[in-house]
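A quick write-up on the structure given underneath.
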Amino acid sequence: MCLKTQKVVMKVTNDCNLSCKYCYIEKIVLRNRIISVDTVKRLFDELEIHSTMPKIWLRWHGGEPLLANIDFFREVVDFQKEYKKEYVNSIQTNGTLLSEEFARFFKENSFEIGLSLDGPKILNDSARVFSSGKGSFDKVVKKMLILNRLKVPFKVLSTISKINVKNAKDLYRSAGVRIIQNLAEIKRRQFFR
């Protein structure tokens, strides 16, 4: 069986260190489990055999994928080199667990980084909170400073919800966004007159 698999979302864990008010992961879903390196290897073996594509884009996702320690990602990147296919890694993280060690590793291994932030502090912290209820904005901004200091490129992903939808225009402007893609219901000219 031949597949044209080119993009794979790798669900590292359902667990998360935040308790976002709009989280789609059911509270009854198994937590405290990280995908095993053996499972990842089996998937790569299958992709090697069955995908006709020479390059595979991997999106490491969660819950919060950085709950898997850095050794997990080091091992995965090491064994990716054993395969004929080229693997392009990206990760979507809430950023709160990002360390200088992770940042350097991601830069050295050309990971694309997406940080979750829902706008200015007042908007972000109304939904993206720790279990204590404390907002995540200040911690994420500190991690952005690490990335900037080390010259590690990153993108910001914002969840538009009922909490910030009325402020989406300001959210994007404050982030310096000039073009919006994949938001069919929002016309470009509405944002940038």
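Nothing in this text is a laboratory measurement; each read-out follows from the coordinates by a stated rule. Keep in mind that what you see is a predicted model, and the values were worked out from it rather than measured. Cβ placement follows ideal geometry from the backbone for every residue including glycine, while neighbour counts extend to all protein chains displayed.
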Next item on the list: Would you mind calculating the relative contact order of region 56-128 from Cα pairs under 8 angstrom and at least 6 residues apart, reporting the percent as a whole number?
Entry: 34
Checklist line | Residue list for region 59-82, given a label point 7 angstrom along the Cα-to-Cβ vector of N109 and an amide N cut-off under 15 Å | finding: 59-61, 65-82
Next item on the list: Could you check the simple spin-label distance between K134 and K7, using points 7 Å along Cα→Cβ, in nm with one decimal?
Entry: 3.6
Margin query: Over region 7-163, what is the relative contact order in percent, taking alpha-carbon pairs closer than 8 angstrom and at least six residues apart?
Written below: 25
Margin query: Per 0.36 nm of contour for each residue apart, how much would the distance between L43 and E100 grow if the chain were fully extended, relative to their Cα-Cα spacing?
Written below: 17.6 nm
Next item on the list: May I ask what percent, to the nearest 5, of DSSP beta bridges between residues of region 7-163 are antiparallel?
Entry: 5
Next item on the list: Distance check, please: which entries in K4/K151; K134/K162; K55/K107; K107/K166 exceed 25 angstrom between their Cα atoms?
Entry: K4/K151; K107/K166
Item checked: Cβ-based exposure ranking for Y83, Y24, in which fewest neighbours within 10 Å come first -> Y24, Y83
Notebook entry, point to check: For region 1-156, how big is Rg over Rh, using alpha carbon atoms and the Kirkwood form of Rh?
Noted result: 0.99
